[in-house]
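Worksheet for the structure shown next.
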Amino acid sequence: MIEIIERTPVRPARTLLLIGPGGAGKSMLGVQLAPLLGRALIDLDHEFLGRIGDISTFIRDAGYASYKTRNAQLAGEIICEITTPAVLVASSGFMTPDNPPLALEANRALLASTYSICLLPTRSLETSASIIVERQLTRPFSSGRFREDARIRARYPVYAKLGDAIIFSTAPAIEIAKAVARFLHGRI
């Protein structure tokens, strides 16, 4: 099942911003959605890796707050560089309150300047936490079950309130992308 809730009427926007917690499927959705919409794909995590370096190494060397600040700066730089319509996939903690205040303020401004879509597995925190923890445990940078569970439980309520539209689904990324393309058709 794919449930799309339109919170704010779709408006023309150069950038479509995908937000949500880690493990929600933003990157996979972006890969499938961008070509369907004829837009460039920009994944903020990939851009950080290519322009600045490995995220884990950066956090280890400079600290998490410095990473969040630099990530927000990079997102702002990317938005200024975009010359064609694009799908921008945000980092997992992009909108969470653990960002330094100026970084969170910049990220909120970026969110407001785009048409944003939040991706969550289900309306249920419990079910979403279970799904996301299992997905995160398969990733090389997993923090372990307890920390991943705590992280999604903290982030889910934040993300559930965000987005011009919100999608609840565990369907394959291509199916979600097709549904989003139909939802946006002729409106963005």
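The values are calculated or read from the model by the stated rules, or taken from the named source; none is laboratory data. No experiment lies behind these values; they were computed from the predicted model shown. When we count neighbours, we look across all protein chains shown, and the Cβ atoms used for this are built from the backbone with ideal geometry, even at glycine.
Among the residues of segment 26-52, those that are within 17 Å of ASN107 (Cα to Cα) and assigned to a strand (DSSP E or B) comprise ILE42, ASP43.
What about GLY23, is it modelled with pLDDT of 95 or more and either small (Gly, Ala, Ser) or not in a helix (DSSP H, G or I) (or both)?
For GLY23, the condition - modelled with pLDDT of 95 or more and either small (Gly, Ala, Ser) or not in a helix (DSSP H, G or I) (or both) - is not met.
Checked against the criterion of being loosely packed, with under 14 Cβ neighbours inside 10 Å and within 16 Å of the chain's Cα centre (by Cα), segment 31-47 has at least one qualifying residue. Restricting to segment 151-179, and then to whatever is over 23 Å from ASN107 (Cα atoms) and small (Gly, Ala, Ser), can you tell me which residue is surrounded by the fewest Cβ atoms within 10 Å (Cβ to Cβ)? Checking each candidate, the answer is ALA171.
Condition check ((1) buried (at least 22 other Cβ atoms within 10 Å of the Cβ); (2) modelled with pLDDT under 95; (3) in contact with a helix residue (DSSP H, G or I) (Cβ under 8 Å, 6 or more places away or on another chain); (4) within 21 Å of GLY144 (Cα to Cα)) across all residues:
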residue: ILE82; (1), (2), (3), (4): no, yes, no, no
residue: ASP98; (1), (2), (3), (4): no, yes, yes, yes
residue: PRO101; (1), (2), (3), (4): no, no, no, no
residue: CYS118; (1), (2), (3), (4): yes, no, yes, no
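Are any of the residues in segment 11-18 at pLDDT 95 or above and in contact with a Pro (Cβ under 7 Å, 6 or more places away or on another chain)? There is no residue in segment 11-18 that is at pLDDT 95 or above and in contact with a Pro (Cβ under 7 Å, 6 or more places away or on another chain).
Looking at PRO85, PRO100, just one residue is over 16 Å from the mean Cα position of the chain (by Cα), over 27 Å from ALA181 (Cα atoms) and not basic (Lys, Arg), and that residue is PRO100. The residues in segment 49-87 that are in contact (Cβ under 8 Å) with a residue 40 or more places away in the chain and either among the polar types (S, T, N, Q) or touching a Cys at 6+ places or on another chain (Cβ under 8 Å) (or both) can be counted, and the count is 2. Filtering segment 133-188 to residues that are among the acidic types (Asp, Glu), over 18 Å from SER27 (Cβ atoms) and at pLDDT 95 or above leaves only ASP164. Taken over segment 106-141, the residue count meeting the criterion of being farther than 21 Å from ILE188 by Cβ and among the hydroxyl-bearing types (Ser, Thr, Tyr) is 6.
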